[in-house]
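The values are calculated or read from the model by the stated rules, or taken from the named source; none is laboratory data. Just so we're clear, the structure is a prediction, and the values are computed from it rather than from any experiment. Note that each Cβ is placed from the backbone with ideal geometry, even for glycine, and that neighbours are counted across all protein chains shown. The area values use the complete protein model at the heavy-atom level, side chains included, leaving out ligands, DNA and RNA. Shrake-Rupley method; radii C 1.70, N 1.55, O 1.52, S 1.80 Å.
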Amino acid sequence: MADFNQILNAGNVDGGIINVVVEIPQGSNQKIEWDRKLGAMKLDRIEPQIFAKPTNYGFIPQTLDEDGDELDALIITDLPLPTGIYMEAKVIGVMKFVDDGEVDDKVVVVPADDRHNGNVINTLADLPPQLIKQIEFHFNHYKDLKKPGTTKVGHWGDIEEAKAVIRESQVRWKAQ
C-alpha cells in the first residue's frame, strides 16, 4: 500500500473538491486507522456492534487536526466503501467535535461524481435530518461503555467553515 500522505495532498480545498482516504466502511464496528509512521492501515480495536459507523470514515491527506491525527472525514454514500481506497470528494460541511478534551472535527463529504443520486447532495441541508441525528447520536455516545461523557458534538458548520478547518489543518501539517 502506498503512503497516502506522500502521493496525495488535500486537493482543491478552495474549489471544495478534496482527496479523502477511506479507513472504515459504513456499518463496520472495526476501528481501522491510518498509521502515519508505518504508512499502513491498522486495526486499532473492535467496538461493540451497537457502535458501528453510521457513515464511511476516513481522512484528508497532508492535514493535521488539533488532536495530532490527520483531519477526519465522514463520507456519505448509500453503500459501504472499502478500506484503503481514495476518492475525490465534495465538501458539504463540518461536524465540530471534541473527544476527550481534544478538538477532533469531522469534515462531511460526498463523492464528487455521484451519478447514482444525480449529484443532488451539495450541503448538509440536502441530507436527511434523521441521518444527521444518527451521526450526532453515534459520536455523542460511541465511547459510553468505556469512557462515558468524553465525546461531544458541538455544532454543524457550513461549507465555508469546513474549508477553514481544512486550511488550518494544512498549516499544521506543513509546520510539523
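Mind grabbing the accessible area of His155 for me, 1.4 Å probe, Å², rounded to tens?
Result for His155: roughly 80 Å² accessible.
Obtain the nm distance between the two label points defined at Lys143 and Lys37 by a simple spin-label model: each point lies 7 Å from its Cα along the Cα-to-C-beta direction.
2.1 nm
On alpha carbon coordinates alone, what is the Rg over Rh value for region 97-176, Rh being the Kirkwood radius?
That ratio equals 1.03.
Need one word for the chain: rounded, prolate or oblate. Basis is the Cα gyration tensor (sqrt eigenvalues a ≥ b ≥ c); a/c below 1.5 gives rounded, then a/b vs b/c decides.
rounded
Quick check: the distance between the Cα centres of region 10-69 and region 155-176, to the nearest angstrom?
16 Å
Have a look at Pro128, Pro54, Pro111 and tell me which one the Gaussian network model of the chain (Cα, springs below 10 Å) gives the largest fluctuation.
Per the Cα network of the chain with a 10 Å cutoff, Pro128 tops the list.
Do you know the Lys pair count in region 4-175 for C-alpha distances under 12 Å, with sequence separation 8 or more or different chains?
Qualifying lysine pairs in region 4-175: 7.
Run the accessible area of the chain with a 1.4 Å probe and give the carbon-and-sulfur part as a rounded percent.
Here carbon and sulfur together make up 53 percent of the probe-accessible area.
Pick from Asn117, Asn56, Asn29: which residue has the top mean-square fluctuation in a GNM of the chain where Cα pairs under 10 Å get a spring?
Result: Asn117 has the largest fluctuation of those listed.
Which shape class applies to region 37-108: rounded if a/c is under 1.5, otherwise prolate when a/b exceeds b/c and oblate if not, where a ≥ b ≥ c are the square roots of the Cα gyration tensor eigenvalues?
rounded
Going by average Cβ neighbours within 10 Å, how do the peptides 159-165, 78-84 rank, with the highest at the top?
159-165, 78-84
Could you pull out the trypsin sites (Lys or Arg not before Pro) across region 18-116 that fall in loop regions by DSSP (anything but H, G, I, E, B) with no more than 11 other Cβ atoms inside 10 Å?
Lys37, Arg115
Under 5 Å between amide H atoms, partner at least 5 residues away or on a different chain: which partners does Asp44 have, H built in plane at 1.01 Å?
Amide H to amide H, under 5 Å and 5 or more residues apart or across chains, Asp44 pairs with Lys31, Ile32, Glu33.
Could you give the length gained by full extension between Ile46 and Ala164, i.e. 0.36 nm per residue of separation minus their alpha carbon distance, to one decimal place?
39.2 nm
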